[in-house]
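Worksheet: the structure to be examined is printed underneath.
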Amino acid sequence: MGSHCFDTKHRKRSCSRRLLPCLFIVAMVCGFALNGDAWEHHPLITEPVLETFAESGLLRPTAVVTLQDFLVAVEGPLAGFLLDEEDWARAHLPWYAPLPEDLVFVATGTREDIVARFFRAIRINPNTKTPLYYAALSGQAPAGASLLANEQVSLFPDSTALDSFDFVAVLPGGALNALDIIATATNEPDYGMDTGLFEDNNTPFGAAYGFGNQPFGNPGLDYGSQAPFHIGFYHESPLVFFFARFLERTYPEYRIRLFKRLSEFAFQHDQDYWGWRFMGWGLHYLADLSMPYHTTVLPGYSTLRMLWINFLDILGFSRPVDNAVQLVSNRHLAIERYQRIVMERALRTKGDHIIFERLSAEYETPTYRDELPREVLARASNSMARRLDRAIEKYMPADFVDNPGIELADVEAVEDIVDMVEDTHGAEAVAELDALLADALELFAIYGRSFIIGILDAHNDLQLTHRAP
């Protein structure tokens, strides 16, 4: 069951009234169209986790290799590997849309189209950019470094959000530290690789990829079209799923498993650079599932309240639905922007901060298994959603998070949100919000470590010499 929704500034609903029980939930999920990202600037949250592996001696420099050269080197075994992964996905992911036969990766020995064939086989946007580079916080790139423009990295026309970074170009064969490769790669899934992949996204590849119509989110917006790959509503009430089965058609697990296995495959074939880069891609989706707004349809609303608002909508009173959609979108954006600002400030001032302390702490690390992202990580994230939502409502500017008449993405003052919280509610409010973010990001610290160790322990020559207790 698909949905066709418009952004919160010009909301219309084309869902038939035959689908009345799920209209509110459909509209609610469409509120995520403007905020398809989970955390802002994944390298900020990944680097502290990677630093906990410093004692292992694994994060050593490795030679940079273009994607084309990597694929040419492994083309034969890669074909069989991808077939095995397709079999796994069909057997283990109930909502998985099988890969169309004509997209199967075949070893042809043709160098010129090998990247395109690979992108089709893993079903990402064929325009995805994979330059050789690493990301440094803006102003911290080495003097004289050659920098890439945002559009050389991202597919999105508006890439001003990337101005926080300097993208330092690296030549093939140049050496990069594994930490820089992984951390930089964790942001790349937010640069457009998951956009336009559904039939109703009006792209030729979306028509060919076999995913069907977009299950939720706005199919007409770039950020909205990536939502089903970055959001996992696994732990809603059974009543919600009864009325909105389409919420189960999500693909984070598919991406996490595929990129984990591609990382292992690369290491098995002595292609360390792409082993680290695929690891970063997989870590991105794990981090997304630690964000409560990516695992909960409507934080702060009970199932009964959701259904009540839906009932009012059925009776023709649509404002409660529209207001709820706008508020969740604004709160989602508000907490992401707050997170990015406090983390950037802490890095630039080199000050201690609870978020970095928790990200870099040592934890007892569970053994990684493919069910962990859904069964454990997303469940813990979902359980935090109401607590986080209440703190956002309590401390953040009311006009930002309680006024459905504004579109927060259009409000320049959102860049002052941390100072506004402190000016209005004091340092204690900032400390409470910081602690809640630390709780959520601790989930990524724990299960991200588990993901990394799972990859490294798969190969004897990469086994860790240091573990958390």
Study note, to complete from the structure: Net charge near S154 (other residues with Cβ under 10 Å of its Cβ; Lys, Arg +1; Asp, Glu -1) is -3
Review point. What ranking, highest mean first, results for peptides 446-457, 409-420, 138-149 when packing means the other Cβ atoms within 10 Å averaged over each residue?
Key: 446-457, 409-420, 138-149
Point to revise | DSSP H segments from the chain that extend 15 Å or more along their own axis, Cα-based, with Kyte-Doolittle mean of 0.0 or above | key: 20-30, 67-92, 303-314, 427-456
Practice item. Using the charge dipole of segment 167-267 (Lys, Arg: +1 at Cβ; Asp, Glu: -1 at Cβ; taken about the Cα centre), state which of A183, T250, T203 has its Cα farthest towards the positive end. Key: T250
**Study point:** Whether segment 344-399 is rounded, prolate or oblate, judged on the alpha carbon gyration tensor where a/c under 1.5 counts as rounded
**Key:** oblate
**Study point:** 3J(HN,Hα) from dihedral phi, segment 215-227, Karplus parametrisation 6.51/-1.76/1.60, rounded to Hz, x for glycine, proline
**Key:** x, 7, x, 8, x, x, 10, 4, 5, x, 5, 8, 3
Review point. How far apart, in nm, are the 7 Å Cα→Cβ label points at D84 and A107?
Key: 1.3
Revision key, fill the gap. Checking rank on 361-369, 243-251, with mean other Cβ inside 10 Å and highest first, the result is 243-251, 361-369
**Study point:** Residue-averaged [θ]222 nm for the chain, counting only DSSP H segments that reach four residues, each worth -39500 (n - 2.57)
**Key:** -15000 deg cm²/dmol
Point to revise | Residues with amide H under 5 Å from that of G212, placed H, sequence gap 5 or more | key: E199
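Just so you know, all these numbers are worked out from the coordinates, no wet-lab data involved. All figures in this text were calculated on a predicted structure; none of them were measured in a lab. Glycine also receives a Cβ, built like all others from the backbone with ideal geometry; neighbour counts cover every protein chain displayed.
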